[in-house]
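Trainee: Sending over a structure as structure tokens; questions will come in a sec.
The values are calculated or read from the model by the stated rules, or taken from the named source; none is laboratory data. In this text, all values refer to a predicted model and were calculated from it rather than measured experimentally. Methodologically, a virtual Cβ is constructed for each residue, glycine included, from the backbone with ideal geometry; neighbour enumeration extends over all protein chains shown. Note: areas computed on protein heavy atoms with side chains; ligands, DNA, RNA excluded. Shrake-Rupley method; radii C 1.70, N 1.55, O 1.52, S 1.80 Å.
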Amino acid sequence: MQKTWRSSVLLAYSLAVLAFLYLPLIILALYSFNDSRINAVWSGFTFKWYQALFQNTRVLEALTNTLIIGFFSTIISTALGTTAAIALHRYHYKFKTVINGLVYLPILIPEIVMGLSLLVLFSQAHLPLGKPTLILAHITFCVSFVVITVGARMEGMRNDLEQAASDLYATPWQTFRYITLPLIMPGIIAGALIAFTLSIDDFVISFFVAGPNSTTLPLYIYAMVKRGISPEINALSTLMMCATVSMVVLAEILQPRHHHRSQEE
Amino acid sequence: MEQMIQLEGITKKFGANLIIPTLNLSINDGEFLTLLGPSGCGKTTLLRMIAGLETPTTGKIILDGKDVTHLPPYKRDVNMVFQNYALFPHMNVEENIYFGLKMKKVPEAEAAERVSQVLYLTQLEEFRERRPQQMSGGQQQRVAIARALVNNPKVLLLDEPLGALDYQLRKKLQLELKNLQRSLGLTFIYVTHDQEEALTMSDRIVVMNKGVIQQDGHPDAIYHQPKNKFVAKFIGESNFFEMGDSVYALRPEKLNLCLEEDCVEGKETQHPAPQFFGSVVDIVFYGTIDKVFIRLDNSNQVVVAYQYFDDVKRWKVDDRVGIWWYERDGVKVEQ
């Protein structure tokens, strides 16, 4: 009997934790379908906030900006991060741990410090703030995540596969093209998805380095909130949440945490 | 016989570690040569240098009359079967086998022909479409061999290819591999630490220890005329008897026992007089034989003799025995 008692307490506890984590999001999503302008009262189901959203040119403009910035920072940070991860895995050199640490550091540095330092850098370099500076800023924090996901994939790959390819007449380039790249591809895609997610969600750093005509969705939401919370924000936030969650799930699917070890025994 | 590989004055250092001091070896065309030794003896390093995966610190590697010392692996006409097979997990069996031919740009028709031949040879036809992960260890092993063989290499290098398999399967594949090698007339260089495997499969065994060749010869010679204590101990079981300044190695099956009272000095016997006396300390039943352990008098040395005694006569612990052998069975070994 004690066992059932214990497991029901555990279940209740788990539910409480889940509620704590997800209740705010659920409420936000629910009120995006609320017919009333006031968030506190439920007065019926509607899609009108979503419709309003898609007729709002400023929202659409922010969405376009977000997607453009997300696209370029994802492409560039994925390319940079992948090559960095391969180099970090393959070569042995002095201060390897230090350099590895430096790669991960941008994840740990407070965003506000990152944003401020980037702003200082850009103004020192006389770079006008706008989409290019946003893309550069996003690349700096996305690269680290790509290095981590691709690096994990490289770790999981046995190095005798590349040797076997080389033994089977593949030049170094062919080995990379036909063996290394396909095997680390799930890591690359996962890294790219995480990078894209981080880029479209980023607020703090973007806040510092955005310029005229480069308002992203998070920045736009913030501006809207300053003028009072409307259900439109709820609708926009819900959509962003859905996009983020689906991408994280996709990244998770593509990055299996336990490899097939059967071969290695 | 024509020489396929010559290793001339090979040395290999990893950092400050000298793995292989100067080594010379030539390997004949069509030979099944086994590099045998304990782990860390440099046998795998030697194999990897022939494959091109390591470069010798000094010395030359000649393959079929051509100096290949500094050629990268993808420009050498040798292929390797890796210890854990190293099959490409994102390709099926057929694609794995095709890989070398594709890289070499062998014409499509010929490539298809060669792939189906080798699939037939290794009995893998029904597994064409399988991924390596979906196959048993023995099947994966066959794929690894097929993937190497399909390229018609001048030499096939095998790095403990059966090491990961269970005993029964290993026995079976040993025979298959030997037959394959014989029927194709291919040069095999086989690395193993399993002396039994080496003895049953090889035309020639090179026993290595600490990067140095201890003995190089026919399996029969390696077993029956070990040159030194290391070889005698590493291959099979051996007893060592010091007689004067020399050390003699004797296989346990060559030792004969007699009850001390029947063969003490002065007693008439049908066989040579025993050189040593001792007491039985242990007897272990091994089915076809009893392993009898005897502590020699005046020393702490324990020797082992294999006895094929029937149920009528068996040794007991504490029996006093004389140990004798025929002179031809004692092998004088270097220390």
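Trainee: Filtering region B:136-151 down to residues that are at the interface with another protein chain (Cβ under 9 Å from one of its Cβ atoms) and in a helix (DSSP H, G or I), which residue is surrounded by the most Cβ atoms within 10 Å (Cβ to Cβ)? Even if it seems obvious, please write down each step before you answer.
Mentor: Going residue by residue through region B:136-151, those that are at the interface with another protein chain (Cβ under 9 Å from one of its Cβ atoms) are B:137, B:140, B:144, B:147-148, B:151.
Now drop any that are not in a helix (DSSP H, G or I), which leaves B:137, B:140, B:144, B:147-148.
Working: B:GLY137: 17, B:GLN140: 25, B:ALA144: 26, B:ARG147: 32, B:ALA148: 25.
In this case the residue turns out to be B:ARG147.
Trainee: Which residue out of A:ILE27, A:ILE69, A:ILE86 is open to solvent by less than 60 Å² (accessible area, probe 1.4 Å), in a helix (DSSP H, G or I) and over 22 Å from A:THR216 (Cβ atoms)?
Mentor: On the way: A:ILE27 fails: open to solvent by less than 60 Å² (accessible area, probe 1.4 Å); A:ILE69 fails: over 22 Å from A:THR216 (Cβ atoms).
Sole residue among the options that is open to solvent by less than 60 Å² (accessible area, probe 1.4 Å), in a helix (DSSP H, G or I) and over 22 Å from A:THR216 (Cβ atoms): A:ILE86.
Trainee: Evaluate the following for A:ASN213: is it out of contact with any helix residue (DSSP H, G or I) (no Cβ under 6 Å at 6 or more places or on another chain) and either more than 14 Å from chain B (Cβ to nearest Cβ) or under 30 Å from A:THR57 (Cα atoms) (or both)? It would help to see each step written out before you state the result.
Mentor: Values: out of contact with any helix residue (DSSP H, G or I) (no Cβ under 6 Å at 6 or more places or on another chain): yes; either more than 14 Å from chain B (Cβ to nearest Cβ) or under 30 Å from A:THR57 (Cα atoms) (or both): yes.
Yes.
Trainee: Take the conditions hydrophobic (A, V, I, L, M, F, W, C), out of contact with any Pro (no Cβ under 9 Å at 6 or more places or on another chain), under 23 Å from B:PRO73 (Cα atoms) and surrounded by fewer than 22 Cβ atoms within 10 Å (Cβ to Cβ) and apply them to A:LEU219. Does it pass? Spell out how you get there, then give the answer.
Mentor: On the way: hydrophobic (A, V, I, L, M, F, W, C): yes; out of contact with any Pro (no Cβ under 9 Å at 6 or more places or on another chain): yes; under 23 Å from B:PRO73 (Cα atoms): no; surrounded by fewer than 22 Cβ atoms within 10 Å (Cβ to Cβ): yes.
Criteria not met by A:LEU219.
Trainee: Look at A:LEU118 and say whether it is open to solvent by less than 30 Å² (accessible area, probe 1.4 Å), farther than 23 Å from A:MET247 by Cα and more than 12 Å from chain B (Cβ to nearest Cβ). Give the steps one after another, and end with the answer.
Mentor: Details: open to solvent by less than 30 Å² (accessible area, probe 1.4 Å): yes; farther than 23 Å from A:MET247 by Cα: yes; more than 12 Å from chain B (Cβ to nearest Cβ): yes.
Against the criterion (open to solvent by less than 30 Å² (accessible area, probe 1.4 Å), farther than 23 Å from A:MET247 by Cα and more than 12 Å from chain B (Cβ to nearest Cβ)), A:LEU118 qualifies.
Trainee: Name the single residue, out of those in region A:122-173 being within 12 Å of chain B (Cβ to nearest Cβ), small (Gly, Ala, Ser) and open to solvent by 10 Å² or more (accessible area, probe 1.4 Å), that is farthest from B:PHE82 (Cα to Cα).
Mentor: The residue in question is A:GLY156.
Trainee: Going residue by residue through region B:71-79, is there one that turns out to be surrounded by 21 or more Cβ atoms within 10 Å (Cβ to Cβ), within 8 Å of chain A (Cβ to nearest Cβ) and hydroxyl-bearing (Ser, Thr, Tyr)?
Mentor: Looking for residues that are surrounded by 21 or more Cβ atoms within 10 Å (Cβ to Cβ), within 8 Å of chain A (Cβ to nearest Cβ) and hydroxyl-bearing (Ser, Thr, Tyr), one finds none in region B:71-79, hence no.
Trainee: In region B:28-50, which residue that is in a helix (DSSP H, G or I) and in contact with a Ser or Thr (Cβ under 9 Å, 6 or more places away or on another chain) is farthest from the other protein chains (Cβ to nearest Cβ)? Let's see the steps before the verdict.
Mentor: Just the residues of region B:28-50 that are in a helix (DSSP H, G or I), to begin with: B:43-50.
Cutting the leftovers down to in contact with a Ser or Thr (Cβ under 9 Å, 6 or more places away or on another chain) gives us B:43, B:49.
Details: B:LYS43: 17, B:MET49: 13 Å.
Per the criteria, the residue is B:LYS43.
Table: residues versus (1) among the acidic types (Asp, Glu); (2) over 30 Å from B:ASP319 (Cα atoms); (3) in a strand (DSSP E or B); (4) open to solvent by 10 Å² or more (accessible area, probe 1.4 Å).
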| site | (1), (2), (3), (4) |
| --- | --- |
| B:GLU197 | yes, yes, no, no |
| B:VAL206 | no, yes, yes, no |
| B:ASP220 | yes, yes, no, yes |
| B:VAL231 | no, yes, no, no |
| B:VAL247 | no, no, yes, no |
| B:GLY266 | no, no, no, yes |
| B:VAL280 | no, no, yes, no |
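Trainee: Looking only at region B:179-186, decide whether some residue is open to solvent by less than 10 Å² (accessible area, probe 1.4 Å) and among the charged types (D, E, K, R). Break it down into steps so the answer makes sense when it comes.
Mentor: Residues of region B:179-186 that are open to solvent by less than 10 Å² (accessible area, probe 1.4 Å), as a first pass: B:181.
Pick out the ones that are also among the charged types (D, E, K, R) and you get none.
There is no residue in region B:179-186 that is open to solvent by less than 10 Å² (accessible area, probe 1.4 Å) and among the charged types (D, E, K, R).
Trainee: Here is a follow-up. Filter region B:239-262 down to the residues that are modelled with pLDDT under 85, in the same structural domain as B:ASP318 (by TED's automatic domain parsing) and closer than 23 Å to B:VAL331 by Cβ and list them by number.
Mentor: None - no residue of region B:239-262 is modelled with pLDDT under 85, in the same structural domain as B:ASP318 (by TED's automatic domain parsing) and closer than 23 Å to B:VAL331 by Cβ, so the list stays empty.
Trainee: Just one of (1) free of Cβ contacts under 8 Å to residues at least 60 places away in the same chain; (2) not in a helix (DSSP H, G or I) trips up A:ARG177, so point out which.
Mentor: For A:ARG177, the exception is condition (2).
Trainee: Taking the condition more than 14 Å from every other protein chain (Cβ to nearest Cβ), open to solvent by 30 Å² or more (accessible area, probe 1.4 Å) and either modelled with pLDDT of 90 or more or under 13 Å from the mean Cα position of the chain (by Cα) (or both), does A:PHE176 pass? Reasoning before the result, please.
Mentor: Details: more than 14 Å from every other protein chain (Cβ to nearest Cβ): no; open to solvent by 30 Å² or more (accessible area, probe 1.4 Å): yes; either modelled with pLDDT of 90 or more or under 13 Å from the mean Cα position of the chain (by Cα) (or both): yes.
No; evaluated as a whole, the condition is false for this residue.
Trainee: Let me ask something else. Quick one: B:ALA109 ticks every box in (1) at the interface with another protein chain (Cβ under 9 Å from one of its Cβ atoms); (2) among the aliphatic types (A, V, I, L, M); (3) surrounded by fewer than 20 Cβ atoms within 10 Å (Cβ to Cβ) except a single one, so which number is it?
Mentor: (1)
Trainee: Considering only region B:66-100, state which residues are touching a Pro at 6+ places or on another chain (Cβ under 9 Å) and among the aliphatic types (A, V, I, L, M).
Mentor: Across region B:66-100, the qualifying residues are B:VAL78, B:MET80, B:VAL81, B:LEU87, B:MET91, B:VAL93.
Trainee: Being among the aliphatic types (A, V, I, L, M), outside any helix (DSSP H, G or I) and either more than 9 Å from chain A (Cβ to nearest Cβ) or touching a Leu at 6+ places or on another chain (Cβ under 6 Å) (or both): is that true of B:ILE62 here?
Mentor: Numbers: among the aliphatic types (A, V, I, L, M): yes; outside any helix (DSSP H, G or I): yes; either more than 9 Å from chain A (Cβ to nearest Cβ) or touching a Leu at 6+ places or on another chain (Cβ under 6 Å) (or both): yes.
So B:ILE62 fits the description; yes.
Trainee: Looking at region B:81-90 only, could you name the residues that are open to solvent by less than 20 Å² (accessible area, probe 1.4 Å) and either small (Gly, Ala, Ser) or under 17 Å from A:GLN174 (Cβ atoms) (or both)?
Mentor: Correct list: B:ALA86, B:PHE88.
Trainee: Based on what the data block shows, is A:ASN213 surrounded by fewer than 19 Cβ atoms within 10 Å (Cβ to Cβ) and free of Cβ contacts under 8 Å to residues at least 60 places away in the same chain?
Mentor: Details: surrounded by fewer than 19 Cβ atoms within 10 Å (Cβ to Cβ): yes; free of Cβ contacts under 8 Å to residues at least 60 places away in the same chain: no.
Spelling it out, it is not the case that A:ASN213 is surrounded by fewer than 19 Cβ atoms within 10 Å (Cβ to Cβ) and free of Cβ contacts under 8 Å to residues at least 60 places away in the same chain.
Trainee: Can I ask one more? How many of the residues making up region B:282-298 are closer than 24 Å to B:LYS229 by Cβ and either open to solvent by 80 Å² or more (accessible area, probe 1.4 Å) or not assigned by TED's automatic domain parsing to the domain that holds B:VAL317 (or both)?
Mentor: 2
Trainee: If I ask for residues that are assigned to a helix (DSSP H, G or I), within 14 Å of another protein chain (Cβ to nearest Cβ) and either open to solvent by 40 Å² or more (accessible area, probe 1.4 Å) or hydrophobic (A, V, I, L, M, F, W, C) (or both), which ones from region B:115-135 would you list? Step through it out loud before you land on a result.
Mentor: Pass one, region B:115-135, residues assigned to a helix (DSSP H, G or I): B:115-121, B:125-127, B:132-134.
In the following step, the residues that additionally are within 14 Å of another protein chain (Cβ to nearest Cβ) were identified as B:115, B:118, B:132-134.
Residues satisfying the conditions are B:VAL115, B:VAL118, B:GLN133, B:GLN134.
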